[in-house]
Amino acid sequence: MAALFEARSVTKRFGGLTALSSVDFALESGIASIIGPNGAGKTTLFNVFTGLYACDEGSVTFRQQSLVGLRPDEITTLGVCRTFQNIRLFANMTAIENVLVGMHARVTLGLWSVLAHTAGFHHTERRLQARAEALLERVGLRRHANDVARNLAYGSQRRLELARALASEPALLLLDEPTAGMTQGEAGALMRLLRDLVADLGLAIILIEHNMRVVMEVSDRVTVLDHGEKIAEGPPRDVQTNARVIEAYLGTRARERRPRAER
Amino acid sequence: MSRYPVRVTAVLLAALALVALPAGSHLTAQGKGTIKIATQSPLSGGQAALGEGIKLGTQLAVEKFKGNLEKMGYKVELVPFDDQAKPDVGVANAKNIIADKDILVVIGHLNSGVAIPSSEVYKEVNLAMISPANTNPTITDRGYASVYRVCGRDDVQGVVGSEFAHATLKAKTAFVIHDKTTYGQGVAEFFKADAEKKGIKVLGFEGTEEKSNFDPIITPIKAKNPDLIYFGGIYEQAGPFFKQAREKGVKSKFLGPDGMDSSDLTKIGGKAVVGMHYTSVAGPVSVYPQAKQFAEDYKKKFGKNPEPFAAQAYDATAIAVKAIEATAKGGKAPTREAVTAAIRGVRHTGITGSVEFDAKGDPKKALYFVLQVVSDNPEKWGDNKEVKRLVIAAPSK
Amino acid sequence: MIHGVLAVAMVALSAWAVATFPRSVLVFLLFQGSLLFTYLARIPAWLRGALFAVALLVLMPVIGYYNGYYLEVATQVGIFVALALGLNIVVGLAGLLDLGYVAFFAVGAYTWAIFGSPQANLIFGGGAFPLAPGWFYPFLLVGLLVAAGTGLLLGLPVLRLHGDYLAIVTLGFGEVIRVLANNLDKPINITNGPKGITPIVRPPMPFGLPTSEAFYFLVLVIVAVVIVVNRRLEDSHIGRAWEAIREDQLAAQAMGVPLVRAKLLAFACGASFAGVMGVVFSAKQVFINPESFTFLESIGVLAMVILGGMGSIPGAVIGATVVTVLNLQVLKGLSLWLNELKNAGVTVLGYSLTDLPTQLEPAKYERMIFGVILILMMIFRPQGIFPVRRRARELER
Amino acid sequence: MDYPLLVGIFPQVLLDGIILGFMYALIALGYTMVYGVLEFINFAHSEIFIVGAFVGVEILLSLKGAGLLETLPWPLVLVLILVAGMAGSAALAVSVERIAYRPLRAAPRLIPLISAIGVSFFLQDLIRLVESVWRNAFNLVYPTMDVLNERFELTSTLDVSVKSLVVIVAALLMLWALHAIVNRTKVGTAIRAVAEDQAAASLMGINVNRIISLTFLIGGAMGGAAGVLFGVQYGLINPYSGFIPGLKAFTAAVLGGIGNIPGAMVGGIVLGLLEAFAASYLSLLTGGAFGAEYKDIFAFSVLILILIFRPKGLLGEVVRERA
């Protein structure tokens, strides 16, 4: 059986710089992590997966359908959704409205139903609202449903972004550093939540993560990128002891204390 | 909802009420004895110079002719409105004007685009509008009894120009330019049509909204070298055009309609416009001593030479005052209907010639002058030479 | 409770005052203010609704019967409210800066103007036009569709552009439409150029209402529909998608919002309101020409949206009201009042206003004052008069 | 079709377009400077520009009144009015920023735009009011200096006036000076730093407010110079005559890539050429069916086309949007 999600020899160049060179990646189910030092090409890979960038070579398929050339919203409609490294909420909308926007791809109402307030419209709106509340509940933000996103605490914003991504009913979720800036405790709670989601919804998740403890704890598999190339792949324990990985990490660790925002 | 905006509104309203009620009574306290004459023209914005000419011409006339009415015991006032050259503002003003029962006549507008919808409003209450500047045939062709004008029509003035170009200037070829306004394009089109009928070859017909840079239009004209350039428009635009054309070495003769009739033309155009001709209903000062008086009074009172249409506004006001006097004679208060009807009977010899209205409200016979600019000194605008005189009746469609 | 009593009292009192002092602008402002108070006051929804219904459906037409000027102002307010609401969708909700919005208004206006006047005969030949007055009502829909189509036509190529690039292209588009209207009198005469189109057929008035009352009600109905449509759009997945685009276009797309389709829909919806009002405007004015559709009009509508509070429906309503009333009434009233003082020879600090030089004519400050008000508003209340309040959703227990 | 005529006027039209283009470029610099730093369309720049023209004409008229206009050497007069015009516009630009824009710096982007529109309305009618009290007229004519009107005949179909040469030379000088200031001086570095990231720049010890004032000062000065040259070249100014050239110049700035100084130059010249060719040739090429009145449509259509294929303008860099 072919994998749920598969990328083959993805290459992406910016001018003279090769950001990704011939990266292969596949995921059947569960949680996979992508790690690597800064500038390794992790976010670029996500951007290729979700249609923000077109790759120069290679293929990306989801449920055997090619994603290459599709627009981000089309990819989301197919069931691949993501969060962003630097939170990109709809700052002036409330938490629940943010989640409702996430459901856009699943609303099939036409303009007329909206204008005429048909029965279908009321029914859909009620359903959406109930689902949004449930999602907020799940990420622990029910109390803040009517708060404007801008005013939420940092950790809450991260969780809201997760809820918003879940709202699109994805089969595959791409999370770009979901625990950045969280305390160890908050990060742990989030990871438990992710585990639950995988168990409850059969969701597949790809993570970009810097927090090694989290990575090792939660991932079924880890892929290591460095300078746009895949240098290792395998179960967490194997990767941890891989010589090239240690070299790549130690080589860069000394230079940077904290992961800088890649923007 | 916070209480704050509610309180603020309440306080504001209370304050407004305190101001409003006494002020309201003040505004309505004007007694019976007032007759108001309103003007509508752009007093702000880009066309304010011409619009102000209309207002000032009216103002001068009101002061000059109100004597008789004041003797009868009426107070005569001028109420100037700024229509901003915008049709919607003009219409709102018109509604305001008809709501003020003291206003018996409107002098205006500058723009036909504003005059047409506004006059629909005046018509509702039979309030007379005398236009000093709207030359668009449509204005009177609608046949409204309350609409008059003292200025010529585009279809007449264009013909006067082509007649002159053909018979006197002996032009074989002409290039026609206009300013893309109702007035300028209207005159230019009638000029072109009649000129072609008379055998003048029209080498080009261009419209432009440009105000400053005419280079790209002049270049092809220069290459075609026509005998005559006719500019349908206003001096503000024609001045720079003529100046730039001469500077670029264009040798053609220049001709234009009454929009050229301003000393500012020489101020702007300088030597370039000396010797050019323009057509006008306003007679040269040498023919009409009254006109000379008007120019002097205007200059004395407002410190500048009259703008185009100021003289027409002055005459329009004089006619209005005559009509009001006629209706007020028996001692009864003049009404709008009576004034509107009385205007048709007025015969007036003013500074722009004698005016007598036909059934549509056009001047029955328009006397046109062709004048030549004699000096580049704006002070000597009044010395412009009469070259030709033409009497043409308004077309009866 | 106290609010309820106050609101009723204010509406009643101010309506009485308007009836008593029909010429006082301040009193009319008081009436408008009382409606604002009613909107803000803490009163039950039924009372608010009833007061609005009485004021807008009964009091206003009665007031208008005695003073058509107020009705005209109210009608124009309504027209601009619809325009502001349309632009509010594009700018306020979807965050697309459109500087050429008035183009859609023009498209709607010309749609009816051409077919509702003999103009169409020039295009299609024959004498079938103007259409019968009854056609006006279906043409409301035609105007809507044509304007929405124009919105799509403009949107398709340019919606890829960001921010100010989009702004300048829409500005250019607005100018293109105006210049086309001004020039399409040749080679085929479609718009009659600067001379404009007249007479435009007015719709048959239901229940034998007088024209201005009929237009008032027509505009009122359209505004009501527009508000409902706006509300419904805003509270749906469509409105949420627009706001998401405004907040973060990339994130919105990543969440499954099809950018181009959503933006096109915003353009088309915004344009359609303008189209409908264009049809009404042309019938109301009887005459239209390109002067009504200049860039400054677009800017004016934008100012209404932002002054009121971007993205807020009550904001757009109050913004349009304030700007229109300011322009047509407050500033005009002020200059008329000063003019009256001047005519009455009032002295201020020993200086007689009669000696005021004509350059300082009160009517000339209007635009300047408007400018200052815009600046002050932005500095002291940048979020607008009624900023958006996020609607709190009822959560199930 | 009259081919000799079409070919014959070509050099002259080209030259006309270039002169107009330089004029647009000079005005466009004011928009571009401010936009580059604040990402804000200074809508009032057209009035700042025309104030320069008014300062120039006032000085010329006073000189004329004093009988000095003919006796002073013309280059001196020209430099005098240029400097005065630049100073006047620069002072106005800085005060406008201080009063109407600075309090709004943190506000959403459309807010200062509306404020700028307010400033524009206010200034237009203020100039009108002041001039009508002072001179009893607000359409003011630039007194001619005969030297400036002299023409050199380059060929039988191509000639150029001294004042057009002045426009070209002055524009080139200013553009060069501006480029040098922004790219080679410490102040220029500070301006670029503020444009890049205001917060970071202020952390580096740059006084952001001062730099923004300076940006307005420079942009205003360029506008003032353009105003004076505009008056000298075309002869007649009124308070509203800045509006349309301002709009066009803004278009030129966008065309070239707003925020980009060479872009303003390129955009200005492209727009100038487009307009000149459209106005001269449209009528000849279509046998009179379409004429000079379509030049703006033509210019805007090309603008739209260019932006569709190069969404950031001719010289604007294509910035990738990153997640």
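Here are the numbers:
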| read-out | value |
| --- | --- |
| Flag if C:Phe21 is within 24 Å of the chain's Cα centre (by Cα) and of a type outside the set (Val, Ile, Thr) | no |
| Matching residues, the stretch D:270-291, being among the hydrophobic types (A, V, I, L, M, F, W, C) and within 10 Å of chain C (Cβ to nearest Cβ) | D:Ala289, D:Phe290 |
| C:Val102 being in the same structural domain as C:Asn183 (by TED's automatic domain parsing), more than 16 Å from C:Pro314 (Cβ to Cβ) and in contact with a helix residue (DSSP H, G or I) (Cβ under 8 Å, 6 or more places away or on another chain) | yes |
| Selected residue [within 14 Å of chain D (Cβ to nearest Cβ) and within 25 Å of D:Ile9 (Cβ to Cβ)] from B:Lys222, B:Lys267, B:Lys253 | B:Lys222 |
| Any hit, the stretch B:54-66, residues being away from chain C (no Cβ under 12 Å), farther than 30 Å from D:Leu123 by Cβ and in a strand (DSSP E or B) | no |
| Single match in C:Thr211, C:Thr170 (criterion: within 23 Å of the chain's Cα centre (by Cα) and either among the charged types (D, E, K, R) or within 13 Å of chain D (Cβ to nearest Cβ) (or both)) | C:Thr170 |
| The stretch C:66-91, subset over 17 Å from B:Glu120 (Cβ atoms) and not aliphatic (A, V, I, L, M), residue nearest to the chain's Cα centre (by Cα) | C:Phe80 |
| Failed item, numbered, when C:Leu87 is tested on (1) free of Cβ contacts under 8 Å to residues at least 40 places away in the same chain; (2) assigned by TED's automatic domain parsing to the domain that holds C:Met277 | (1) |
| Residues located in the stretch D:1-23, provided they are surrounded by 23 or more Cβ atoms within 10 Å (Cβ to Cβ) and more than 10 Å from every other protein chain (Cβ to nearest Cβ) | D:Gly21, D:Phe22 |
| Of all residues in the stretch B:160-190 being outside any helix (DSSP H, G or I) and among the polar types (S, T, N, Q), the one that is farthest from the chain's Cα centre (by Cα) | B:Thr173 |
| Scope the stretch A:172-189; condition surrounded by 21 or more Cβ atoms within 10 Å (Cβ to Cβ) and either assigned to a helix (DSSP H, G or I) or charged (D, E, K, R) (or both); matching residues | A:Asp176, A:Glu177, A:Ala187 |
| Pairs, first within 11 Å of chain B (Cβ to nearest Cβ) in the stretch C:1-20, second among the β-branched types (Val, Ile, Thr) and surrounded by 18 or more Cβ atoms within 10 Å (Cβ to Cβ), C-beta under 6 Å, six or more apart | C:His3/C:Ile43; C:Ala7/C:Thr38; C:Ala7/C:Ile43; C:Ala17/C:Val27; C:Val18/C:Val27; C:Val18/C:Ile63 |
| Scan of the stretch A:40-70 for residues that are surrounded by 18 or more Cβ atoms within 10 Å (Cβ to Cβ) and more than 14 Å from the chain's Cα centre (by Cα), ordered by number | A:Ala40, A:Gly41, A:Tyr53, A:Cys55, A:Gly58, A:Val60, A:Phe62, A:Leu67, A:Leu70 |
| Residues of the stretch C:198-208 satisfying the condition of being modelled with pLDDT under 90 and buried (at least 20 other Cβ atoms within 10 Å of the Cβ) | C:Thr198 |
| Unique residue being within 18 Å of the chain's Cα centre (by Cα) and under 30 Å from B:Thr219 (Cα atoms) when the list is D:Met23, D:Met33 | D:Met23 |
| Hits in the stretch C:29-59 (condition: farther than 22 Å from C:Ala224 by Cβ and buried (at least 18 other Cβ atoms within 10 Å of the Cβ)) | C:Leu29, C:Leu30 |
| Exclusive hit being at pLDDT 90 or above and either outside the structural domain of C:Phe281 (by TED's automatic domain parsing) or farther than 29 Å from D:Leu113 by Cβ (or both), set C:Ala82, C:Ala50, C:Ala45, C:Ala9 | C:Ala50 |
| Test: residue in the stretch C:253-263 that is surrounded by 24 or more Cβ atoms within 10 Å (Cβ to Cβ), touching a Phe, Trp or Tyr at 6+ places or on another chain (Cβ under 9 Å), away from chain A (no Cβ under 14 Å) and assigned to a helix (DSSP H, G or I) | no |
| Subset of the stretch B:98-119 [in a helix (DSSP H, G or I) and more than 7 Å from chain C (Cβ to nearest Cβ)] | B:Ser112, B:Val114, B:Ala115, B:Ser118, B:Ser119 |
| Qualifying residues in the stretch B:365-392 (those that are part of a loop (DSSP other than H, G, I, E, B) and not aliphatic (A, V, I, L, M)) - the one nearest to B:Ala282 (Cα to Cα) | B:Asn384 |
| Residue count for the stretch A:203-217, restricted to those that are under 18 Å from A:Thr50 (Cα atoms) and in a loop (DSSP other than H, G, I, E, B) | 2 |
| Options B:Lys360, B:Lys304: the member that is in a loop (DSSP other than H, G, I, E, B), surrounded by 17 or more Cβ atoms within 10 Å (Cβ to Cβ), free of Cβ contacts under 8 Å to residues at least 60 places away in the same chain and within 20 Å of the chain's Cα centre (by Cα) | B:Lys304 |
| Those helices (runs of 4 or more DSSP H) lying entirely in the stretch C:285-397 with at least 2 residues in contact with a helix residue (DSSP H, G or I) (Cβ under 7 Å, 6 or more places away or on another chain) and under 19 Å from D:Leu123 (Cα atoms) | C:295-308, C:366-380 |
| Every residue from the stretch C:188-201 that is away from chain D (no Cβ under 11 Å) and in a loop (DSSP other than H, G, I, E, B) | C:Asn189, C:Ile190, C:Thr191, C:Asn192, C:Gly196, C:Thr198, C:Pro199, C:Ile200, C:Val201 |
| Selected residue (criterion: nearest to A:Met191 (Cα to Cα)) from residues of the stretch A:140-155 that are part of a helix (DSSP H, G or I) and not small (Gly, Ala, Ser) | A:Tyr154 |
| Matching option when the condition is in contact with a Leu (Cβ under 7 Å, 6 or more places away or on another chain) and among the aliphatic types (A, V, I, L, M), among A:Leu78, A:Leu45, A:Leu70 | A:Leu45 |
| Failed item, numbered, when D:Gly56 is tested on (1) buried (at least 21 other Cβ atoms within 10 Å of the Cβ); (2) under 24 Å from B:Ala245 (Cβ atoms); (3) within 14 Å of chain B (Cβ to nearest Cβ) | (3) |
| Any hit, the stretch B:81-97, residues being surrounded by 20 or more Cβ atoms within 10 Å (Cβ to Cβ), at pLDDT 75 or above, touching a Gly at 6+ places or on another chain (Cβ under 8 Å) and part of a helix (DSSP H, G or I) | yes |
| Subset of the stretch A:2-19 [outside any strand (DSSP E or B) and more than 14 Å from chain D (Cβ to nearest Cβ)] | A:Ala2, A:Ala3, A:Leu4, A:Gly16 |
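The values are calculated or read from the model by the stated rules, or taken from the named source; none is laboratory data. This structure is a prediction, so every number in the text was calculated from the model and none was measured. Using ideal geometry, Cβ is built from the backbone for each residue, glycine included, and neighbour counts are taken over all protein chains shown.
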